[in-house]
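Let me begin by presenting the structure, written as C-alpha cells, before commenting on it.
The values are calculated or read from the model by the stated rules, or taken from the named source; none is laboratory data. Only a predicted model underlies this, so the values are computations on that prediction, with no experimental measurement involved. Neighbour counts run over all protein chains shown; Cβ positions are idealised from the backbone, glycine included. We work out accessible area using only protein heavy atoms, side chains counted, and drop any ligands, DNA or RNA first. Shrake-Rupley method; radii C 1.70, N 1.55, O 1.52, S 1.80 Å.
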Amino acid sequence: MVIEALEVAIPGFIVVFLVLFLLSLSVKCMSFVTRKIEKKGGK
Amino acid sequence: MQGWDTLQNVFFKTGIAHITYGHVIMWLIGMFFMYLAIKKDFEPLLLVPIGFSIFLVNMPIAPLTGPGELINLFFRYGLETEIIPCLIFLGIGALTDFGPMIANPKTLILGASAQLGVYIAFFGSIFFGFNIKEAASIGIIGGADGPTTIYLASALAPHMMGMVAVAAYSYMAMVPLIQPPIMKLLTTKEERKIRMKQLRPVSKTEKMVFPIVATIVICLLVPAAAPLMGLLMIGNLFRECKVVDRLLKTAQNELLNIVTIILGIAVGSTMKAEVFLSPKPLFIFFLGLVAFAFSTAGGLIFAKIMNLFLKEKINPLIGSAGVSAVPMAARVSQKIGQQADPKNHLLMHAMGPNVAGVIGTAVAAGMFLSLLK
C-alpha cells in the first residue's frame, strides 16, 4: 500500500510543480509578446 | 382492539417511533453548523444549507435521500455527475482577478509548493487505515479548495464526500486561526518585514489572453484537470473580454448562488447518522488539519528557498497564501506582515500565490484522478 501511495504521490507532486512552473514561463512569454504587440500598436 | 391497532399503525408511520440517539446527535451537529454560520459568520453561504441539510436528512423515515427522492436527485445529478463543482469553478473564474499573478508569475511556484500538505495528509491517511482513493480525497483538503475537494471525493470516494467537504470548508473558515502561529514559527521578524516592490500594471490584453494560455498549458499536461480548469478559465474570459456582461453577471451571481444552494444541500445530505457517527470523521478532521498546516508550511519554506536565489527578495509570508482559500489566506499574509511592519502592504503580492493555489489544487486533483480513477 505504501509503495502504491508513493507511486501516486511522487509523480503527482512533481507534475504539480512542473505544470505551474511551465505555466509561469508561459505567462512570462505571453506578457512579453502582448506588451510588444501593444507597443507596436501604439506607435 | 382494532382501534388500538390502527393507532399503533399510525404511530409507527410517524418519525417519532423511529428516532435514535444517532439522529438527535446529528440534529445537534447540524444546528452547530448553522450556529457557526449565523452567529460566527463562518462560511455562511455554505454552512447554512449544509447545516440545515444535515438536520433535515436525519429526520427518521423522511422520503428525502432514497433512490429517486428529492435530495438524492440533487446529489445524483449535481454531485455524482460532477456538474456542480465545475459550475462553481465557472463562477470563481468570473470573480477572480489573475492580474497580481500575471504581474509576478514566480508566485505560481508558491501555489505549487503549498500543495505539500495534500501529499503529507495523503500518506497520513494511508497509515490511519484509509484506502488509497479515500486517502487522496482526504489529502486534497490541504489545498483548501472546497469545490475541488468535492469534485475529487465525488469521483474517488463518494461515501466520504460530506465529511471531507465539511472538513475543508471548516478549515477554510478557520484560516485566520490556523495559519498565523505557523507563519510566525517559520519566519523571523526580519523576514516578515521584507518589503516588496509594487506590482506592475497588467494590461487588458494580458488578462484576456491568460485564460487561453492557461487552458492550453494545463489541459495538455493534465487532461484530467480539464473540467475544473476549463470552466475556471471560461468564467475568467467572461470577466476579462468585456463583451459578455450578461453572461458574466449570471456566472458571478445567479448561477453561482443556485449551484451553491444545491451543493450545500447535497453535501449535507451525505452526513447521515449511520455514516457519520464513527471514528472515521474524527480522523478526517485531524488529517485535514495536518494537511492544512503542512500546506501553509510548504508555501512559507519554499518562499524562503526562493529567496536564496532571487536578487529581489520576496516576503515569505506570501507563500502561505498558496493554500487557495481566496482571499482569506492573502488577508492573513497582509495582517501578519503589518504586525511586523505597519507600513508594509502584502495583500496584492499575496493574491498571486493565492489564485495560483486554486490552479495548483485543481492540478493535484487532476493528477489523483488520472492515477487512481
P(r) tail fraction, the stretch B:306-363 - alpha-carbon pairs more than 14 Å apart, %: 51 percent
Please give, to one decimal in nm, the separation of the simple spin-label points placed at B:Leu95 and B:Gln338, each 7 Å out from Cα toward the Cβ. 2.2 nm
Once the piece of chain linking B:Tyr77 and B:Lys39 is laid out straight, how much longer is it, given 0.36 nm per residue of separation minus the C-alpha distance between them? 10.5 nm
For a quick check: with amide H placed at 1.01 Å from N, whose amide H comes under 5 Å from B:Ser324's, ignoring anything fewer than 5 positions away on the same chain? B:Gly357, B:Val358
Ratio Rg/Rh, restricted to chain B and using Cα atoms, in which Rh is the Kirkwood radius: 1.03
A correct Karplus calculation of ³J(HN,Hα) over the stretch B:241-258, with 6.51 cos²θ - 1.76 cosθ + 1.60, θ = phi - 60°, whole Hz and x for Gly and Pro, returns 7, 6, 10, 10, 4, 5, 5, 4, 4, 5, 5, 6, 10, 4, 4, 4, 5, 5
With N residues in chain A, Rg(alpha-carbon) / (2.2 N^0.38 Å) equals 2.02
For the stretch B:7-165: span of alpha carbons on each principal axis (Å, largest first): 72, 37, 32
Highest first, please rank the peptides B:356-369, B:207-220, B:283-296, B:112-125 by the mean number of other Cβ atoms sitting within 10 Å of their residues. B:356-369, B:112-125, B:283-296, B:207-220
How big a patch of accessible area, both sides summed and in Å² to the nearest 100, lies buried between A and B at a 1.4 Å probe? 2800 Å²
Report D for the stretch B:144-291 in µm² per second (integer): Stokes-Einstein, Kirkwood Rh on Cα pairs, 10 °C, 1.306 mPa s. 85 µm²/s
I'd like the per residue volume of the convex hull spanned by the Cα atoms of the stretch B:237-372, given in cubic angstrom. 194 Å³
Please compute, over every Cα-Cα pair in the stretch B:96-157, the percentage with a separation greater than 20 angstrom. 37 percent
Using a 1.4 angstrom probe on the protein heavy atoms only, line up B:Trp27, B:Trp4 by accessible area, largest first. B:Trp4, B:Trp27
I'd like the Karplus ³J(HN,Hα) series for the stretch B:157-166: coefficients 6.51, -1.76, 1.60, θ = phi - 60°, whole numbers in Hz, and an x wherever there's a Gly or Pro. 9, x, 5, 9, 4, x, 5, 5, 5, 5
Compactness ratio of the protein assembly as shown: Cα Rg over 2.2 N^0.38 Å, N = residue count? 1.04
For chain B, averaging the sequence separation of alpha carbon pairs under 8 Å that lie six or more residues apart and dividing by its residue count, the contact order in percent is 29 percent
Tell me, what HN-Hα J-couplings in whole Hz come from the Karplus equation 6.51 cos²θ - 1.76 cosθ + 1.60 at θ = phi - 60° for each residue of the stretch A:13-28, using x for Gly and Pro? 5, 5, 5, 4, 4, 4, 4, 6, 5, 5, 5, 5, 5, 4, 5, 4
